[in-house]
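The values are calculated or read from the model by the stated rules, or taken from the named source; none is laboratory data. A quick note: this is a predicted structure, and the numbers were derived from the prediction, not measured. Quick reminder, even Gly has a Cβ in these numbers, built from the backbone with ideal geometry, and neighbours come from all protein chains shown. Please note that ligands, DNA and RNA were not included when accessible areas were found on the heavy atoms of the full protein model with its side chains. Shrake-Rupley method; radii C 1.70, N 1.55, O 1.52, S 1.80 Å.
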Amino acid sequence: MTSLSPSSGAPRRRSRRRFNSAYLFVAPSVVLIAVFIAEPILQSAWMSLHDWTIGSADNPFTGLANYRSLWQDSRFWNALRVTAIYTAAVTVGQVVLGLAIASRLRRTTWYSSLLRTAYFFPFVASLVVVGIVWKFLLDPQVGLIDAWLGDLGVSNPPQWLQSTSLALPTVIAVGIWKNVGFTMIVLLAGMQQVPADLYEAAMLDGAGPWRRFTAVTLPALRPALLFTTLIATITGLQLFDLVFAMTGGGPVFSTESVVMYLYEKGFVEFQMGYASAIAWVLFIIILAVSAVQLRVARNRDGD
Amino acid sequence: MATSELTSPRAAAGRRNGRPPALRSGGPRRLARIAGRLGAGVSWLVVVVGAAAIVLPFLWMLGVGFRTSGDLYADPARLWPDQWTLHGVRAVLDQLPFTRLIVNTFVFAGGTTVLLLLFDSMTAFALARLRFRGRNALFVLILATLMVPFQVTLVPVFLTIYHFGWLNSYQGLIIPRATSALGIFLLRQFFQQLPRELDEAARIDGANDFTVYWRIILPNAKPILATLFIIQFAALWNDFLWPLVISSQTRMQTLPAALTLFSSQSGVDHSALMAGAAISLTPLAIAFLLLQRYFVQGVATTGIK
């Protein structure tokens with residue numbers, strides 16, 4: 001802590017002292033990033049080229065063998081399919097519904113504030129709590145949903161989470177339920193930055209509500225829409241907590257996501273090399289999808 | 001179809017409300033107005049029903065947490081218990097080391113957030129205000145790590161923690177998460193917008209780097225620090241995969257992991273589970289209702305979920 005000594009000395013000497021203390025300021029983060037982020041990224045790439053299993057005597061270098069096995073691994077392809085469907089459906093659902101709700105709740109009154117709070121509230125609940133509550137809400141024996149359907153005369157309610165065809169759509173619906181308020185808030189913040197005279201000008205030109213929405217609101221919201229779409233896509237591709245809590249990946253892998261499979265390989269079967277290869281494939285997919293979305297957004301901006 | 005007509009400004013001016021032509025048949029403007037009112041009414045109804053569908057599961061969770069399992073099985077269609085009991089709360093304290101789990105979650109979320117804000121703000125200060133060799137390289141490195149998903153580093157970091165002997169410990173949970181590239185980035189952007197005259201005046205008065213950081217920069221960054229604190233604390237309080245991997249012993253788990261594993265036991269006590277879920281949600285729910293502004297700001301600026 002030498003740099004903390006009184007520094008009323010000559011200003012010329014100070015430049016050297018400042019040079020020193022800057023390193024003290026960045027030291028904790030630099031050490032943590034080096035040990036727990038940067039080095040692990042390289043190590044993960046290295047491990048993905050090995051048959052690296054905890055508990056085995058040696059971990060031989062196998063080149064791209066893990067990636068080749070992944071290419072032929074039908075369980076991995078299934079996980080990719082599940083993740084892609086979930087991501088596409090939740091992203092579209094949460095952005096479209098979030099936009100619809102935001103434009104309805106755009107003006108601030110006591111009741112619209114109340115409704116905004118309601119929609120935004122699931123944001124603070126963990127995905128795990130949301131998953132647990134919905135899992136039992138949809139339970140055939142104790143769940144409220146099937147009980148109410150029974151009261152309405154539905155004798156054979158759908159097997160929400162027990163059916164291989166319905167489990168993924170159910171998880172998707174809960175994903176949208178959880179995230180729609182997040183999109184709504186970001187879009188509301190974006191809407192508040194649209195200058196009011198733009199709307200007045202549009203009204204003077206005789207534009208109706210729908211025309212005002214498409215000609216004024218949507219173009220102004222483009223950055224906010226891009227932001228929510230990107231975030232929804234990236235978090236969707238990393239789907240884990242919700243399926244872990246709701247279905248555990250079942251029934252018969254029908255809701256097993258990529259990260260779920262990574263967890264299974266890495267931390268249940270301890271095949272760390274294989275799990276690392278899965279992580280890298282996921283990383284590349286996330287990079288590619290984000291790059292495409294940014295490119296599309298930029299091209300549209302060029303019009 | 002209506003949209004293509006509306007692209008001509010004159011056509012748009014002709015119909016003030018911009019209704020599609022189908023509505024023009026009988027008393028066009030009145031019909032259009034009625035349709036507009038009706039549309040607005042229906043859309044309000046949908047929005048209100050949607051909000052009810054958001055709130056209902058939380059009310060049900062509370063209701064189940066405060067009734068006995070027998071009561072629930074007898075009439076699952078009832079949202080609220082007939083008789084409120086503390087059965088669920090007692091049962092969850094009994095069946096899980098619940099107080100310990102709450103303490104673990106507080107230590108993990110609170111400790112990590114405090115260290116993270118300290119380290120991130122120090123680094124951001126150096127990046128924004130001090131000159132040193134390697135500054136640009138460091139900033140580029142930080143931006144680069146921002147793009148890598150957490151899952152890529154999870155396996156090697158787990159092995160590192162294992163070699164340190166830090167599995168099932170607070171330091172293992174906290175220290176690897178005690179800095180974040182996103183936090184550094186956001187704070188650096190904010191610090192750069194603060195007027196430089198503030199530092200220069202302090203330096204003329206003899207302040208050194210540390211004093212400028214602690215007395216000038218941090219007090220002026222209170223709003224963004226508060227926002228980051230709340231958003232980070234909430235994210236860590238709700239974090240699942242990281243604590244699940246690092247602490248497998250029940251006594252070192254955090255609430256999300258422990259509740260999930262508890263919920264997948266067969267024949268789980270529903271009211272204990274829902275009471276546990278409700279209690280785990282309470283601190284953030286209260287913070288949210290009191291400090292909603294900060295959550296909104298945090299979400300709009302950081303996108304952390």
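Details
- The stretch A:189-208 - residue that is open to solvent by 10 Å² or more (accessible area, probe 1.4 Å) and within 16 Å of A:Ser112 (Cα to Cα) and, of those, farthest from the chain's Cα centre (by Cα): A:Gln192
- Restricting the stretch B:249-271 to residues that are in contact with a helix residue (DSSP H, G or I) (Cβ under 9 Å, 6 or more places away or on another chain) and of a type in the set (Gly, Ala, Ser), the residue that is farthest from B:Phe150 (Cα to Cα): B:Ser271
- Of all residues in the stretch B:251-267, those that are assigned to a loop (DSSP other than H, G, I, E, B) and within 9 Å of chain A (Cβ to nearest Cβ) total 1.
- Search result, residues across the stretch A:108-126 that are free of Cβ contacts under 8 Å to residues at least 12 places away in the same chain and either among the charged types (D, E, K, R) or more than 7 Å from every other protein chain (Cβ to nearest Cβ) (or both): A:Thr108, A:Thr109, A:Trp110, A:Tyr111, A:Ser112, A:Ser113, A:Leu114
- Comparison of B:Leu187, B:Leu182, B:Leu194 shows that the only residue that is in contact (Cβ under 8 Å) with a residue 24 or more places away in the chain, surrounded by fewer than 20 Cβ atoms within 10 Å (Cβ to Cβ) and within 26 Å of the chain's Cα centre (by Cα) is B:Leu182.
- 2 or more residues surrounded by fewer than 23 Cβ atoms within 10 Å (Cβ to Cβ) and modelled with pLDDT of 95 or more: qualifying helices (runs of 4 or more DSSP H) within the stretch A:73-151: A:74-104
- Residue in the stretch B:166-175 that is within 10 Å of another protein chain (Cβ to nearest Cβ) and closer than 28 Å to A:Ile278 by Cβ present: yes
- So B:Leu146, is it over 30 Å from B:Gly267 (Cβ atoms), touching a residue at least 60 places away in the same chain (Cβ under 8 Å) and either open to solvent by 30 Å² or more (accessible area, probe 1.4 Å) or facing chain A (nearest Cβ under 8 Å) (or both): no
- Residue count for the stretch B:56-90, restricted to those that are outside any helix (DSSP H, G or I), open to solvent by 20 Å² or more (accessible area, probe 1.4 Å) and of a type in the set (Lys, Arg): 1
- Residue in the stretch A:266-279 that is surrounded by fewer than 21 Cβ atoms within 10 Å (Cβ to Cβ), in a loop (DSSP other than H, G, I, E, B) and at pLDDT 90 or above present: yes
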